[in-house]
Amino acid sequence: MTAPSASPSRLRFRLDPWAAEYGAELPLVDPAATEAAAVDAEVERPLREWAAVPPGPGAEEPARIVFVDGVRRIEARVLAREGERVIPGAFGTYAVGAVVVEGERAAWGALRAGRVLALGGGASLPEPFVLDSGAAYVPVSTADDDPEAPVRRLQEEMRLAEETLGQEQSRTPGTLVVADGPLRFRDARGAAVGYVKRLFERHGVPLPTLAALAPGTRTPLIGIEGASFRRYTWFLRLASRGPADFDLAGIVRLEVAETVGLEEAKRLADGTARRLPGFAPSRTRDPRAPQNLLPIGALESRLRREMGDAALARRHIETALAREEA
Amino acid sequence: MTSSPAGRVLGSVDATPLEFWIGVPAGGRVQLDDLVCVETALDDGSRVRFFGVVDVVRKRYEGQAFDSDAFRHAEGTLPVDVSYAAHVAVTRIEPEVFVPPHPGDAARIVEGAEFEQALYFDRMAKKIAIGLTRSGEPVYANLEFLDGTRGAHLSISGVSGVATKTSYASFLLYSLFHSDALGADAANTKALVFNVKGEDLLWLDRPNARLDEKARAGYAKLGLPAGPFQSVGLYAPAGAGSTPMPDVGSRQEGVRPYLWTLRELCEQRLLRFAFADAEDARGQLGFVVERVEAELARLAKEQPADEAGITIEGMACRTFDEFVDAVASPWLDALMARGNYASGTVDAFRRRLYGIAPRLGPLVRGEASAAQYGVSWASHQVTVVDIHKLHATAQMFVVGVLLKKMMAEREQRGSARPLVFVVLDELNKYAPREGWSPIRDLIRDIAERGRSLGVCLMGAQQTASEVEKRVIANAAIKVVGRLDAAESERAEYGFLSKVARLRSNLLQPGTMIVSQPEIPTPVLLGFPFPSWATRADEAAAPPPDPAKARRDLFSRVK
């Protein structure tokens with residue numbers, strides 16, 4: 001049995017008594033999703049010629065699609081006192097993974113999990129915090145010291161891992177990586193698109209135009225200014241909406257780095273319009289249908305298993321903290 | 001030797017000392033009837049080994065709740081994990097520490113010495129090969145549960161035509177007599193086999209021309225030669241002709257006719273076996289039969305012992321018809337007048353007696369030569385008595401008479417050695433659960449006392465539920481072939497696990513499930529294709545007689 005690593009001078013953490021956020025996945029507002037400035041809606045065609053774009057021929061293109069996604073959760077929030085300062089921290093676990101679809105085969109790609117002890121206020125620990133179960137939480141630090149700072153830091157770790165995995169996967173020729181959320185890495189070859197499930201922003205597209213999109217068709221490309229680099233984006237309707245659904249139900253937004261060039265971006269947009277509707281689940285299967293594509297939904301539940309049991313992890317953390325006090 | 005494990009004990013369901021599940025890794029294979037071993041380390045450093053047999057295997061998508069996911073996966077839109085798991089029914093724990101195995105412990109498929117351990121073969125001092133597992137490992141039974149040391153009798157149940165009951169019984173006899181299982185007793189151990197259906201058993205002494213290499217390999221694995229029975233006596237009922245000839249179809253040569261003399265019938269009180277039909281048991285008929293038997297026995301004693309016939313009231317009977325006439329004459333009324341018998345009962349006896357006359361006529365005779373046609377089971381290892389062409393009444397008579405004689409002989413000898421095996425199919429006819437017959441009493445007697453008298457009954461029946469309870473209960477080794485679905489649910493098959501019951505409904509010919517006292521789980525096994533012929537077109541020509549070959553040679557030279 002490994003005792004929790006303790007040094008006399010280090011911070012002594014206590015459980016945050018009432019901020020237990022069991023396995024929560026609160027949607028943090030991603031800066032990349034909102035920082036859409038400088039919209040150019042006429043990169044593909046002039047606005048007055050705007051209409052839904054059906055995909056061109058090429059039924060099986062792209063042939064290899066890799067879906068990349070990640071999940072995270074807070075297992076315990078902790079607080080430490082340093083003089084007058086209260087330092088927030090959180091024990092968290094994330095997992096990222098990929099689903100590789102080739103022809104009529106969908107299989108698991110790489111699955112990775114990581115555990116971190118995220119600390120606010122620039123605090124740090126010299127070595128991982130190890131529980132009796134053997135789980136080791138790697139200390140990571142952020143300068144912010146507001147209560148949500150550790151959670152953002154954990155999210156950042158997960159995004160980094162997603163990014164690494166997405167970049168690795170995009171290296172295989174003929175692959176299209178569909179990364180969950182706004183695109184985080186610049187890919188010059190057009191092998192990765194960002195897949196945004198929730199429409200925070202319409203990027204200037206008139207609501208009637210979006211509402212009129214038929215299943216399997218997309219809007220023309222729009223040039224936007226995203227976080228750190230410019231992109232092309234387009235809206236795609238995955239499935240027809242139900243009678244009770246709002247006009248925008250079943251619509252997702254995709255984006256690709258501007259550096260791929262307009263023609264390549266159009267090719268990719270057509271490819272997603274051809275292929276992605278086939279992965280849409282029915283609403284009986286998934287309440288987040290159709291946006292939460294089958295491979296992504298399956299990946300998320302698989303990744304949750306990868307993270308292990310949350311209650312058990314919390315129990316071990318409590319035990320370790322209590323022992324430190326004794 | 002370390003190889004990757006065949007599976008690991010699951011922790012998502014309870015693992016117990018008597019049963020547990022193992023998960024099978026991708027690319028691995030565990031199938032029904034595999035024998036596995038799981039080794040668990042205890043805190044004190046000691047190790048416990050769990051041996052068991054796989055009785056359920058299943059696959060499912062893990063964590064997926066929708067049936068339609070199978071289609072989604074096939075379309076390539078949904079990735080899935082497949083859980084492949086096998087249920088293990090524990091047969092043995094070494095040493096006997098009844099802790100559960102630890103989830104995650106490696107399970108391996110056992111073979112060789114560990115296979116023998118898993119099924120307790122290592123503890124059997126005297127064992128007999130009873131078949132092969134589907135993976136080709138020999139399976140044994142403890143001879144001590146057949147030879148009377150710790151138990152006796154064997155019961156085979158199964159649907160006619162598919163269950164291969166007779167074939168399996170003859171395979172067991174073959175294994176007994178052609179291995180060293182019996183040791184020094186082999187020479188004197190005998191088997192009395194009743195051929196109830198077809199002429200399958202009339203070719204035991206001939207090699208099977210259709211025996212293929214696969215079957216030969218099977219015999220080799222079991223340590224048995226692949227050939228015919230070495231010592232066989234064949235008997236068929238005498239036909240109606242004046243000179244006793246065996247009444248058989250396809251085979252004449254080497255088959256001896258059998259019959260009884262009228263004197264034997266009277267002296268040994270065999271008449272009751274001619275009245276063995278269930279309806280005869282009703283009312284007073286049994287008393288009449290007993291009274292007549294007693295008087296006939298008295299008469300026989302008075303008459304010269306070398307006579308085959310019998311003389312009743314001055315009427316010398318040489319045939320069964322004459323005997324029936326003589327018994328049914330006023331002599332019967334005179335005899336009955338002394339007792340308090342209803343005249344209706346006496347008439348019923350008379351009617352029955354005339355009724356059986358044509359059935360038994362050829363089998364019970366009084367001519368001078370008749371005495372030489374008895375069945376002698378002492379002269380061969382295996383004696384086959386054919387009754388398949390006989391009428392039911394005559395079948396009852398033959399079985400009853402021979403079994404009675406055997407029991408009388410064993411009682412006189414007063415020892416359980418050498419052994420006699422009795423093979424009888426259609427026990428539900430001879431020892432029915434409902435109703436009474438003299439044969440039923442005899443068979444029950446064998447089941448209950450046979451162990452101490454050295455008689456081992458290998459009984460077969462379509463439905464054990466219709467056979468006298470104590471006959472089934474006394475069988476140490478229980479075998480089923482293909483069972484009818486309704487039948488397999490009966491309490492008589494309680495020795496079968498739930499899964500084994502289901503499997504018994506789809507057993508193929510040549511596959512049996514065997515339960516024996518020492519092994520806590522029934523074992524599914526196959527037995528090789530008979531290396532002896534079972535019908536005329538399988539019978540390879542007998543080995544050439546050298547003397548005859550020489551004569552043939554010279555005849556050509558001439």
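Things worth noting here:
- Identity of the residue in segment A:297-326, surrounded by fewer than 14 Cβ atoms within 10 Å (Cβ to Cβ) and aliphatic (A, V, I, L, M), that ends up nearest to the other protein chains (Cβ to nearest Cβ): A:LEU312
- Those residues of segment B:463-503 which are part of a helix (DSSP H, G or I) and open to solvent by less than 50 Å² (accessible area, probe 1.4 Å), in sequence order: B:ALA464, B:SER465, B:VAL471, B:ILE472, B:GLU487, B:SER488, B:GLU492, B:TYR493, B:VAL499, B:ALA500, B:ARG501, B:ARG503
- Flag for B:GLY233 being of a type outside the set (A, V, I, L, M, F, W, C), in the same structural domain as B:TYR493 (by TED's automatic domain parsing), surrounded by fewer than 21 Cβ atoms within 10 Å (Cβ to Cβ) and in contact (Cβ under 8 Å) with a residue 40 or more places away in the chain: no
- In segment B:460-487, the residues that are within 19 Å of B:ASP147 (Cβ to Cβ) and in the same structural domain as B:LEU173 (by TED's automatic domain parsing) form Cβ pairs under 7 Å with partners that are of a type in the set (Asp, Glu) and modelled with pLDDT of 90 or more, at six or more places apart or across chains, as follows: B:ASN474/B:GLU448.
- Residues located in segment B:411-441, provided they are under 19 Å from B:LYS190 (Cβ atoms), in a helix (DSSP H, G or I) and at pLDDT below 90: B:ARG413
- Just one of the listed residues (B:GLY223, B:GLY198, B:GLY161) is part of a loop (DSSP other than H, G, I, E, B), out of contact with any helix residue (DSSP H, G or I) (no Cβ under 8 Å at 6 or more places or on another chain), without any contact (Cβ under 8 Å) to a residue 12 or more places away in the chain and open to solvent by 10 Å² or more (accessible area, probe 1.4 Å), namely B:GLY161.
- The condition of being touching a Ser or Thr at 6+ places or on another chain (Cβ under 8 Å) and either on the phi > 0 side of the Ramachandran plot or surrounded by 15 or more Cβ atoms within 10 Å (Cβ to Cβ) (or both) holds for only one of A:ARG77, A:ARG73, that being A:ARG73.
- Residues being open to solvent by 20 Å² or more (accessible area, probe 1.4 Å), within 12 Å of chain B (Cβ to nearest Cβ) and in a helix (DSSP H, G or I) - total across segment A:250-296: 3
- Test: B:SER155 is in a strand (DSSP E or B), polar (S, T, N, Q), touching a residue at least 12 places away in the same chain (Cβ under 8 Å) and under 14 Å from B:PHE421 (Cα atoms): yes
- Scanning segment B:298-318 for residues that are surrounded by 16 or more Cβ atoms within 10 Å (Cβ to Cβ) and of a type in the set (Asp, Glu) turns up just one, B:GLU307.
- The residues of segment B:47-103 that are aromatic (Phe, Trp, Tyr) and open to solvent by 20 Å² or more (accessible area, probe 1.4 Å), listed by number, are B:TYR61, B:PHE66, B:PHE71, B:TYR84, B:PHE98.
- Within segment B:442-470, tally of residues that are out of contact with any His (no Cβ under 8 Å at 6 or more places or on another chain) and over 14 Å from B:LEU419 (Cα atoms): 16
- A:SER141 being among the hydroxyl-bearing types (Ser, Thr, Tyr), more than 17 Å from A:ARG14 (Cα to Cα) and touching a strand residue (DSSP E or B) at 6+ places or on another chain (Cβ under 9 Å): yes
- Filtered residue count, segment B:121-158, keeping only those that are open to solvent by 30 Å² or more (accessible area, probe 1.4 Å) and not β-branched (Val, Ile, Thr): 11
- Checked against the criteria, B:ALA26 counts as of a type in the set (A, V, I, L, M), within 14 Å of chain A (Cβ to nearest Cβ), open to solvent by 60 Å² or more (accessible area, probe 1.4 Å) and outside any strand (DSSP E or B).
- Inter-residue pairs, beta-carbon under 6 Å, first open to solvent by 10 Å² or more (accessible area, probe 1.4 Å) and in segment A:109-133, second charged (D, E, K, R), 6+ apart: A:LEU111/A:GLU306; A:ALA113/A:GLU306; A:GLY121/A:ASP145
- Qualifying residue in segment B:106-123 (condition: modelled with pLDDT of 90 or more and at positive phi): yes
- Subset of segment A:295-326 that is free of Cβ contacts under 8 Å to residues at least 24 places away in the same chain and among the aliphatic types (A, V, I, L, M) - its residue that is farthest from A:VAL252 (Cα to Cα): A:ALA326
- Cβ-Cβ under 8 Å pairs, at least 6 apart or on other chains, segment B:376-403 side more than 22 Å from B:ARG444 (Cα to Cα), far side part of a helix (DSSP H, G or I) and open to solvent by 20 Å² or more (accessible area, probe 1.4 Å): B:LEU390/B:ARG359; B:HIS391/B:ARG359
- Residue match in segment B:352-369 (condition: in contact with a Cys (Cβ under 9 Å, 6 or more places away or on another chain) and buried (at least 16 other Cβ atoms within 10 Å of the Cβ)): yes
- For segment B:319-349, a residue qualifies if it is open to solvent by less than 40 Å² (accessible area, probe 1.4 Å), free of Cβ contacts under 8 Å to residues at least 60 places away in the same chain and not aromatic (Phe, Trp, Tyr), and the qualifying residues are B:VAL324, B:ALA326, B:VAL327, B:ALA328, B:SER329, B:LEU332, B:LEU335, B:MET336, B:GLY339, B:VAL346.
- Among (1) within 49 Å of the chain's Cα centre (by Cα); (2) within 14 Å of chain A (Cβ to nearest Cβ); (3) part of a loop (DSSP other than H, G, I, E, B) - the single one B:SER83 does not satisfy: (3)
- Any hit, segment B:380-391, residues being hydrophobic (A, V, I, L, M, F, W, C), outside the structural domain of B:ALA191 (by TED's automatic domain parsing) and not in a helix (DSSP H, G or I): no
- For the criterion of being open to solvent by less than 10 Å² (accessible area, probe 1.4 Å) and modelled with pLDDT under 95, B:LEU182 fails.
- Qualifying residue in segment A:225-235 (condition: within 25 Å of A:VAL101 (Cα to Cα), open to solvent by 30 Å² or more (accessible area, probe 1.4 Å) and in a loop (DSSP other than H, G, I, E, B)): no
- The residue that is nearest to B:LEU10 (Cα to Cα), counting only those in segment B:107-119 that are surrounded by 19 or more Cβ atoms within 10 Å (Cβ to Cβ) and not charged (D, E, K, R), is B:ALA107.
- For segment A:96-133, filtered to residues that are within 14 Å of chain B (Cβ to nearest Cβ) and in a loop (DSSP other than H, G, I, E, B), the residue that is farthest from A:LEU176 (Cα to Cα) is A:GLU104.
- Taking the criterion of being in contact with a Pro (Cβ under 8 Å, 6 or more places away or on another chain) and assigned to a strand (DSSP E or B), the only residue of segment A:207-224 that qualifies is A:ARG218.
The values are calculated or read from the model by the stated rules, or taken from the named source; none is laboratory data. Remember, predicted model here, so these are calculated numbers, not experimental data. Don't worry about glycine lacking a Cβ; one is built from the backbone with ideal geometry, like all the others, and counts go over all protein chains shown. Calculation scope for accessible area: heavy atoms of the full protein, side chains included, ligands and nucleic acids excluded. Shrake-Rupley method; radii C 1.70, N 1.55, O 1.52, S 1.80 Å.
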